[in-house]
Amino acid sequence: MSKGLPIALSIPARFKKDRGAKDKGEKKPRQVFTLVKHFVLRFVKNDSLQFENERIGLIVFALVLLSGIGGYIATEVGKFFFITIMMTITGICCVFAWDSMFLDDKDFFNLMVLPIKARTLYTAKFLSVLVVVGVQSLSFSLVAAAQYAYSHAGSSGIGFFFYYWFSFLLTNFLANLFVFCLVAAVQVLLILIFKGRMFAKISFLVQMVLLMGLTSIFVWFPQMYHAVPGLSYNFSSIHYYFPPLWFNGLHEKMLGAGNTIYSMHVYTALAALLVLLLLYGVSLPLTLSRYLKRPAASERVPQLKKPMRWVKKLLHALYLRDTVQQALFYFFISIMKRSRKQKIHLAAFMALPIGFFLTYIISLHNKDLDNFNPLNPHIMGIPFIFYLLLVVGLRTLVDRPVYFDANWIFKLTREPVIHHYISGAKKAMVFSLFFPLAGFLFIFYFYIGGFRFSVSHSLYSFVSALLMLEIFFYSYKKIPFTTRQNAGTLNLKLIWPLLVAGFLFSYFIFIKLGLLLIRNPRAGFIFYPMVGVIFFVLKHYRDSKERGEVLIFEEEPEELMLSLNLNP
């Protein structure tokens, strides 16, 4: 057994035979390369994609889009704010890759039986981190670095241009590596403190806090941009604890700047990065060895108490009268309760509006309480943004399979009337997500506008949300979390201008109708019956369209995708 190798990663007896120094020397590079490729693909894994070409195409499109975004940002803001935005985006990506930052249980069970030394495994994992961070940094900074280099080079010549370009890319790589290791250090701290299910619950809450905090930076950014134009040059206490300033100072020092603030930034940035890198290296065997001590899961079925049984019977009588709807209702809720991957996906859509809401309310409260005018259009439009992103998040979420091969149970028990399946899933969404959000908005509007205003606007917002849910799931004929979406079904590269225009138009209409219902309550006698008619028409056409149709358990791939994957 090699030094530091966990017992579960010991080389099996059939692999202990010496095959010669030459064979060992040739095997190690191949193992490292294969493992690096494996770990890199784990970072970009997407269960919704059926073919390898789809994954490659998505990765290429994401990198090109990232490069374009970085180039656009570089034309609008200075270098310091560019580094701030870049590190924020990297932090958000790290939160999404939370389970891939260390060796996880899949690596433990898949690699424990292979003739792989511990140092090879850890080296490959560390190199994969460098590859992922390096590719992300290069994509985001490639165009931006050229723009900054061209604007600063002036008459200094082509040599200074390339030196500025290379030094800026290197600085951004180190900044992103710092962010990755910092998020990893947070996860290590949680591993050391919490165990088992408690760790899973606490780590998910930390992910949510990190995600909302990082996305909130995009809300704070305009205020920060105008409030601190000379922050990178004028010393203040923020220079001690704001990492983007450290790496901005590091790059300025690489360019030859003599400011003492930049010297402090260089030592702070390099020392912090070195400590975090050492911590990450030490944590690799620690995080893998925790699976050795994990106790076997106990299968215990919780028993409902008698009052809860009456609540469940009442729910079935009033809300879930069909048994198929009951099955889909509990299936959806159980998946959302147990699958952290699905919750993170939905939280990604809700993080930005929550961050915007909290930041906007805090900024208004700090300025003047009179700004809490309930008829303020921005405050009136908050429910629309919350509900719309929630519906869009749910519509994309249901096409992400938890375990694709598990849909056989629905194939065996499917009923001829398919709308009960969809109705059960939508009722679960309304019960578990829409009702809590509506309660939160009711309390908020009650605080700023009183009971009458809160009832009126909350009811209007909730009915509008139900209408959005019905429209987005109008042609949906699948079991949530059990099917894969066909690549190319929604071509965002072409239709995003229409989506933006539709969002702005709907947002404007929502605010105008909300103000009309507040100022003239009698308008509700026209609005709500009209919404009822729309629901009736949608249900009628949906039922007539679904006659003779069956549930979709796997979308047929496009002919182009088949030709790309079948032809050698």
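What follows is calculated from the coordinates using simple rules that are stated; it is not laboratory data. Just so we're clear, the structure is a prediction, and the values are computed from it rather than from any experiment. We place every Cβ from the backbone using ideal geometry, glycine too, and count neighbours over all the protein chains shown.
Observations, loosely collected:
- Taking N as the residue count of the stretch 81-227, its C-alpha radius of gyration divided by 2.2 N^0.38 Å amounts to 1.30.
- When only the Cβ of Lys, Arg, Asp and Glu is charged (+1, +1, -1, -1), the dipole of the stretch 68-182 relative to its Cα centre reaches about 280 debye.
- Whole-angstrom gap from the stretch 118-189 to the stretch 68-106, using each part's C-alpha centre: 11
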